[in-house]
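First up is the structure itself, then whatever we jot down about it.
The values are calculated or read from the model by the stated rules, or taken from the named source; none is laboratory data. Bear in mind that the values here come from a model prediction, so they are computed numbers and not experimental data. For neighbour counting, all protein chains shown are included, and Cβ atoms are generated from backbone atoms with ideal geometry for every residue, glycine included. For accessibility, only protein heavy atoms count, side chains too; no ligands or nucleic acids. Shrake-Rupley method; radii C 1.70, N 1.55, O 1.52, S 1.80 Å.
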Amino acid sequence: MIFGIDGLSPTPAELRRPEEAVLSTLGGVSMVWSGRAATALYWAYRIARNCGSIVAMPEIIVPAISCLTPATCAHAAGCQVRFADVDPESGMITLDTVRKCWTAQTKAVVFIHLYGQTADLAPLAAWCREQGIILIEDLAQAQGARLPGGAPAGSVGELVVYSFNRTKILEAGGGAMVFRSQSLADLWREIVWPEASQPEMRPDVRALLALSQRDLYHALISLRRLELVPDISSAFLGLLPAYSSLYLQPLRDPVLLSASWDTVPHALEERERNAAVYSSRLHGGPWQLLDGWRSSGVCWRYTLLVDSPDRLVEFTNAIRKSGFFASNLYWPLNELLRPEDPCPSAESFGRRVVNLWVDQTVTPARASSCADSLLTHAPLLAAADLS
Ligand SMILES: *Cc1c(COP(=O)(O)O)cnc(C)c1O
C-alpha cells in the first residue's frame, strides 16, 4: 500500500502531523509516502515523461557525482539519463553544466543537495520553468538544510524527494515526495497510482539483490580506478534491468517513522558538532575541506578532497585500519551509464573524495581521534608528490 494525502490514498494517521509540517515549511500542496527515495524518484520520472509533448526517449539530467539510485531509477522509468558535470568545489551541478546537457527531449533536472550542501537554486529553477522542464530536488542527504538565502532546501523544486533509510539523516525507514503544484499531484494520481501496487519482494531476496548491485558497482569502479579497461558501461547497462525491482518499495512502518520525526533537529546538531571538530583539526592538510555544511546547517558526511588522487585508496585504507569509517566511492556515474557525456570535473572530484562519518556512531572525541589518524597518515598523500 502506498500512501498519499487525498481521498484515493490516505496518509497514515501517524504521518499526518509530519506531512502538514513538511507541506507548510516547503510550500507544497500534497505529499506521498513510499518505502524509499528510489520509489519517489521513479514516480517523479514517470510524471515528468508525461508532462508536455510526448517524446520518443525522454531525458532526465542528473548529476555525475551521486549515488547510483537517481540515475538507475530513470532507466527503470523508461528514460535516458544525461549527466551534468559538477562544480569542482562542491560536487554539485550548476545552471551552466545543466544547460550543456539540454536537448528537445529533456523532461526533468535532478538537483542533489550533495552531502548536505545547498546552492542558490533560483537561476536553475527559472531556467527550468522557461524550458518547461521539471526541477526535482533530492533531499536524501540534506533533510532540514537551509538554502543560501535562508529558505528551506526543498522550497524551490517542483517535486521534492526524501529518504529516511539507513545512512540518511532520519533512519526510521521510508521515503516521500512533495508536490509544489496540484497539476503534478493530479498526474501522480492519473499515471502512477493505477500502476502503484506492487507485490512485495521477500526481504532476503531484496537484500541479496541489493548486495549484488553494490558489489557490481564496486567491482566495475575498481577496474576503472586502475585503468585496466576503457569501458564499464556496456557491462553495467547489460545487467541493469536485473535490479529494477529494487526501486519500488512500499512504506513499512509509519509508526516508527512518525515517532522518530522530532529527533531530526537534535541529530543535526550532533552532526554539526562532529563536523566542527573535523574542521578545526584538519585545517591545512594535503586536502581541501568542503564547508558547505556551515551555511546549510546539515552535514551528512564530512567531506575532503585529497590533493593526490593516486594515493586515495591507500590513504582511505590506512584510516580504516586504524578503526574509523571512511569511504571514497563517489565515482562519476557517466562512466557507468553514459560515457558519451564528458564530465571532467566529476572525474577529478570522484578520484579525490573521502567521506568521514558524523552520525550517531561518532562522538566529538571519536571525531578528534579520527582526525588524528588522518593527520598521522597525511604523509602517504604527500609522498605521491615526490615520486
Ligand atoms: C540514498 C540516496 C537515495 C536513495 O534513497 P533510498 O531511500 O535508499 O531509495 C537517493 N538520492 C540520494 C542523493 C541518496 O543519497
Checklist entry - So V156 clears everything in (1) within 16 Å of the chain's Cα centre (by Cα); (2) β-branched (V, I, T); (3) open to solvent by 30 Å² or more (accessible area, probe 1.4 Å) except one condition, right? Which one? => result (1)
Checklist entry - Which residues, counting only those in region 126-146, are without any contact (Cβ under 8 Å) to a residue 40 or more places away in the chain and either of a type in the set (G, A, S) or touching an Asp or Glu at 6+ places or on another chain (Cβ under 7 Å) (or both)? => result A126, L135
Item to check | Scan of region 8-38 for residues that are among the polar types (S, T, N, Q) and within 16 Å of the ligand (Cβ to nearest atom), ordered by number | outcome: S34
Checklist entry - Quick one: would you say A71 is within 13 Å of the ligand (Cβ to nearest atom), over 16 Å from the mean Cα position of the chain (by Cα) and surrounded by 19 or more Cβ atoms within 10 Å (Cβ to Cβ)? => result no
Checklist outcome for this item: So the strands (runs of 3 or more DSSP E) completely within region 94-206 holding 1 or more residues that are farther than 17 Å from L26 by Cβ are 106-112
Checklist entry - Among the residues of region 40-48, is any small (G, A, S), closer than 23 Å to K168 by Cβ, within 16 Å of the ligand (Cβ to nearest atom) and surrounded by 24 or more Cβ atoms within 10 Å (Cβ to Cβ)? => result yes
Next on the checklist: Against the condition surrounded by 20 or more Cβ atoms within 10 Å (Cβ to Cβ), in a loop (DSSP other than H, G, I, E, B) and either touching an Asp or Glu at 6+ places or on another chain (Cβ under 7 Å) or of a type in the set (V, I, T) (or both), how does I60 come out, does it pass?
Outcome noted: no
Checklist entry - What single numbered condition from (1) touching a residue at least 60 places away in the same chain (Cβ under 8 Å); (2) in contact with a strand residue (DSSP E or B) (Cβ under 9 Å, 6 or more places away or on another chain) fails to hold for S279? => result (1)
